[in-house]
Each structure stands twice: as C-alpha cells, then as structure tokens.
1. Once label points are set 7 Å from the Cα along Cα→Cβ at both A:Lys449 and A:Thr78, what is their separation, rounded to one decimal in nm?
2. What does segment A:40-286 give for Rg and for Dmax, in Å, if only its C-alpha atoms count?
3. Mind scanning A:Lys186/A:Lys239; B:Lys125/B:Lys157; A:Lys100/A:Lys274; A:Lys186/A:Lys302; A:Lys363/B:Lys164; A:Lys445/B:Lys63 and naming the pairs with a C-alpha gap bigger than 26 Å?
4. Rg(Cα) of segment A:296-455 divided by 2.2 N^0.38 Å?
5. Spelling out what I want: for every residue of segment A:81-94, take phi, set θ = phi - 60°, compute 6.51 cos²θ - 1.76 cosθ + 1.60 (Karplus), and round to whole Hz; glycine and proline get x.
6. Among the aspartates and glutamates, which fall within straight-line cross-link reach of B:Lys2, defined as a Cα-Cα distance under 12 Å, with same-chain neighbours fewer than 8 residues apart omitted?
7. In nm, to one decimal, how far is the A:Lys102 label point from the B:Glu166 one, both placed 7 Å along Cα→Cβ?
8. Nearest 0.05, what FRET efficiency do B:Asp98 and B:Arg207 give at R0 = 30 Å with Cβ-Cβ as r?
Amino acid sequence: MNSTHAENAAQFLADEPRANWHDETLWIVRQKRDKAAANIPEWERLRQQASAIKDEVLANLDVYLEQFEAAAIKNGATVFWAADAAEFNQIMLNIIRRHKAKNIVKSKSMLTEECGLNRFLQSQGVEVVDTDLGERIIQFRHEAPSHIVLPAIHLKRQEIGETFHEKLGTEAGNSDPTYLTRAARKHLREKFLAAEIAITGVNFAVAETGSVVVCTNEGNADMGVQSAPVQIHCMGLEKILPRQTDLGVFTRLLARNATGQAVTSYTSHYMQPKPEGAMYIVIVDNGRSARLANPKYIQSLKCIRCGGCMNTCPVYRRSGGHSYGYVIPGPIGSILAPHTHHYPDLPFASSLCGSCSNVCPVKIEIHEQLYHWRQDLMQHRQTSWLKRMAMKATGIALSGNRRYNTLGAVARWAVAHLPRKLLYLPVNTWGVGRELPQAPQQSFKAWYKTNNPSKKQTS
Amino acid sequence: MKQYRIGLFIPCYIDMFYPQVGIATLELLQKLGQEVVYPDKQTCCGQPLANSGAEKEAIATYKHFVAQFRGFDYIVTPSGSCAYHVRHHFDILEQTDDVRQVRENTFELCEFLTDILQVEDLKIKFPHRVGLHQSCHGLRGLKLASASELIEQRYSKLRRLLEKAEGIELIELDRPDECCGFGGTFSIFEPDVSVKMGRDRIADHERHHAEYITSYDMSCLMHMEGIIRRQGKAIKVIHVAEILNRNSL
Ligand code: SF4
C-alpha cells in the first residue's frame, strides 16, 4: 500500500456508520479486558513482573536461545535458524518437499504473515490452509489480517456469510454465526484429517525445557498437530522465556489483556515429535537482532502480541488495521515497522494519548517510542521537505520573544480579518471539520502589560 | 497557606487566543495569596515542534524557557500538556541546576492547588452540569487522575477541586478518559481521525446532558470548540481555571 495512514484513515471514515461499528466492537473488547484485569488485585504487579522477565530475556537472549536449542534437540526436535524472511520461507519449503507433503494446515502465526510464507509457498505450487477461523475467512477473501488477535475484525457477519456461500456453498443470505461456524468446522475437519504437516506459531518458548507453547481459542493448533505426523513451529527469536514457572505470569496476562478471558481455551505445550513423526522448530531473526542491538528501541521486542494496544487505541479503532499498511497494525506495529525504509508516517499516526502504554502487559512505553521515532525520522529526513522547513522556521520564531509576539499578532489578525474563503483553503487541514479559534482583542501578554498592578517582572 | 514566588507560564496558544484563561489563572493564584510573576519575554515550551519530530529545532526554545523561568519557587501553568512537556521532555538539555529546578518545579494548575497549596474548598458556585475532559498528558503523564486502563485506586485532582462547588453536577461519561484527538500537530496531519475522535468525545458529553466540558488543557478544548462551532452545537467549553476563579474567597 503506497498511500499514507492519514489517507487510508480518511477512506475508512468515509463510511461513518461502519467506522462507528468498528470502534464500538473493539471498545467492548477493551471493556472486557478492564473487567478481567480488575479481577486480579495484583494486576499491576504482574505487569511489572512480566516486564522484568522480558528485560532479563532480552539482556541474555544468546544464552537462553542456545539453552533452548540444546533442550529442544535433546527432546528430539530439529531446530533451524533463519536470518530473514527469504531464508525462513526456503527452510519451510525444504521441509515440505522432504516430506513430500500436499496437505498442509497452519494455525495462527503473525510471523508467517510477516515473512509472506503463504504467498511464497503458493508461488512454489504449495497450498497452505489457515485453520484459525478468522484467518481462514481472510484467506478466502485474499485479504491481510487487520488485527493480530482478531484477524477478521474488520468484517461484518453478512460479509462472512457471503464469502462462505461462495467458497463453502452455505445458503445464500444466511449469516447466522452458529450456522457459519458449523460450516467452517466441517470444512476444516476434512483439512485436519488429511493433514500431513501442521504449522503453528509460537507464543512462548521455554529455554529450560525446550518446549514451545501455543495459545488458541479454537484448539486448531492441537487439531493440526495431533492429526499430522509432521509439526513445524515457527517463532521469532524473542519468544523465549527462561523457566517453566515464568509461563504462569504470561498466561495470566495474555488472554485477559487480549479478549478479557481468564485464559485462552487451549494452552498447548509441544515438546517431542510423535512416534514415527517429526518436529521442527524454526527460529527467525528477520530484523530482530538489529533491533536487539539498538538500546533505544529494544523494548518493542518484549511484545507478546496480545493486541491490547490495538483495542484501546482511539486511532486504530477509527482507522482500521489495514490503514497502517504494515503487517502488524496499531501502536505496536507503528514502533516495530522498519521505518527508515518504509512506513515513515506510522509514528505520526497517533495522538500520543498513552493509553497503549497503560494497557501493555509487558509495559512497553509505546507512545514514548513513537515520540522518539518521530525525532529520528525528522533528523534522517524521512519527513517531507516542507514539513522540515516549517519546523525550522517555527523553531526560530518560538525561541525569541519579539518573533513570537509577531507570530501571535499575525495569527490573531489573520483569523479576525481574512475572508473565510481564504482562511479555510484546503491547506488548512484544521478546517476539515473545525472552526479556527476566535481572535481576542489582545493577547494575554498585551493585557498583562496594561493591567497587572504589580511591576515585579523579572526582566 | 504558604506563600510562594510563582512564575506564571501561559502557553503560547492561550496567550494568543484564550487570554481569559491566563487572566483567570493569575487572579486565582493572587487571591490565594501567592506572589505571581509573569516573565513577559516567555514564548512557548517547544512542544509543537518536538511532537512533530523536531526536538532538535526546539532546543533554542527550551533554553529560552529555562532562562525565563529559573529561580522561581514554582512555575505554574494552566496546561497539563505543557507542564508534562517541560518536566518530561526537557531531558535532552544539559541538566544544569537551572534546568533541573525548572523541570522539577513546573506544575499544572490543578495539581499545584491540590498538592502544593493543599486547597480544600475554593468556595465556588457553578450551578451547571459539567463533564470532565481528563486530557491525556495530564492524566497519564502527570497522573492528575487515575487512568481507566490501570488497576488502581480511583482519584481525580480535577474532580476533587470541582466537586465541592455549589450547585455543580459532574456527569459520568461512557468512556471516562478517551482521547479527544487533538494531539498537537496530529490534529493537522491526521485531520479526519482527529475530528472524528473529537466528535465522538463531544457526543459522549452530550449524551449525558453536559452544559459544559471542562479540562485543565485548553488545547483539547480549542479542538472540541472548533467542532462544536462548526456543527452549531449548544454545548460549551470552559477551562477549569475559569470555573475555579469564580470563587468567593
Ligand atoms: S505492545 Fe503490549 S499491548 Fe501491544 S500487542 Fe504487544 S504486548 Fe500487547
């Protein structure tokens, strides 16, 4: 997508009833999260603890990764390392070819989205079926997920009914959720039963045990892994937790913060291949170690992909996940995206209200990170020339009393005297839906000069 | 009540467009027996630049600010956002004694009244239905109130000052502290989302029949007022200093 977030958002908002529905739907999720969190008196301490564990992991990641790999190999798994998306995709293709597999199912994994795995495999003649219901829906529609936990949240029931009618032969016009879910279930059952390889994402990888943990609500990761002889678990290298006991901290936070559930319906621990089967773990870097080496932005790697920052973000709710253009939308996506090459507008797609940082279960200071990215993008000339020049000029104007006073006088004069047509030219984006403030008779400064009785000014 | 020597910091847009807010702040502090000085060469805290990514370009403005405001017991401003900026984002300056003192001693008006002067009852009469807009930087940055995301004891310094006012009815909102969408230059670079957020916020206050929306930040109110006037709505905005100054002290 080449258009900016602001342009995409304007488009999203053009259908206001739909935008309201999107906002309201996600706000309900946020409210559920508030209730679930409030049920845990030690919630804020838990966040503190989760944040500290993640800090420790990132500070010693090399050690933990090696410990994890050794334990996983000892358990009978095969471990691969991928430096980037291309290498990851190739590794996946090689495994699939080695097992001569045709029927492949995949549970939800943002990492495979990030690497464009489906697209790559398709180009090699390999079909993968996404088994998460939301993922399957958008796969049918050839769309990208608009949310990392609720990938089809941008779609209404009726649209899903239409898609299922077209792809699964459900009754035309029937969008009853139970009816549609049953149809999806039947369709996916066949895919599970025929599966030769099951691919999953990874929520947590435990260094001391070498096991990977996958959290789902539909049990689709289990369905796949239990029916296919070969299982492949794909993880970003930051997914490590040191100890099995650390898991409890995160499983208590994850589902509550994501959807308001006490825990996900399924928390699956995978440790060993099945008899006669094979278990692969692919550990992916794809820019993560570069981020790890940058202390200023390292904290974005603490993210556990709960989606809480999206649900609470007033901008996300009113612009939709696709408006960001990056695979991970919303506040966290805007600090994870590789800005300096692409997406230079994303750090500006925020009012910096800070709600994201307050809900984040691992205490990433998301809005502060956005603020810092803005500085870096400006310094690296990734913003428009006009904007940079305007900022320079404003900087000069605001740093001196006389220049500042003139600026104020001109602004007040303009608002009071310029014809409306000129004041509200399209370049004045303030005027899109707002009136400019009315010009008072005089500034506070001018008032103070004549009205303040005490002459105790410092200057 | 203790008396302090206060440097009055009137943010640029208040100086230029809302002088009555500056006047109310000054008068209120004087009524409370404070020695208030308005350094008349002050300009701006530099936030509009820094929030746009031009922190470097703002350094000269930061330095000018420190030069104007050094040496006061406290620096008080009717803006949570600007107070937060000075306290939090002047960290890129060399931390001289002046810079440190200016950062530590800068207070938003409500928190200065509740935390430093420990004002209990301002003896205000304001017989209206009022909705509180807890602007984000004051709320989550300065912690002027408990934020709805955090699981903690509920409090609000703004509410505490207003709830004793005679005749006032403070309304409850469906979304107690959602952002109004002003966001500084966000309002200009993302006008559609910004205006939509503002409209939704105003609608929440209207649903609960507020006559006034009040806040410790005039910038949010300026944004919402712009929408209210464009849409010809009846609801009004008023800076909290203008309510607090209607006292009978
Ligand atoms: S940044 Fe925090 S709130 Fe957002 S998805 Fe990641 S863990 Fe969840």
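None of the figures in this text is laboratory data; all of them are computed from the coordinates on show. Everything numeric in this text was worked out from a predicted model, so none of it was measured. Cβ sites come from the backbone with ideal geometry, for glycine too, and all protein chains shown count toward neighbours.
1. 8.2
2. In Å, with Rg to one decimal and Dmax whole: 18.3, 56.
3. Numbers: A:Lys186/A:Lys239 33 Å; B:Lys125/B:Lys157 18 Å; A:Lys100/A:Lys274 18 Å; A:Lys186/A:Lys302 37 Å; A:Lys363/B:Lys164 36 Å; A:Lys445/B:Lys63 20 Å.
Pairs exceeding 26 Å: A:Lys186/A:Lys239; A:Lys186/A:Lys302; A:Lys363/B:Lys164.
4. Working: Rg = 20.4 Å, N = 160, 2.2 N^0.38 = 15.1 Å.
The reported ratio for this selection is 1.35.
5. With the stated coefficients, segment A:81-94 comes to 10, 10, 6, 8, 4, 4, 5, 4, 4, 5, 4, 4, 4, 4 Hz.
6. B:Glu35, B:Asp73
7. 8.8
8. The formula returns an efficiency of 0.05 here.
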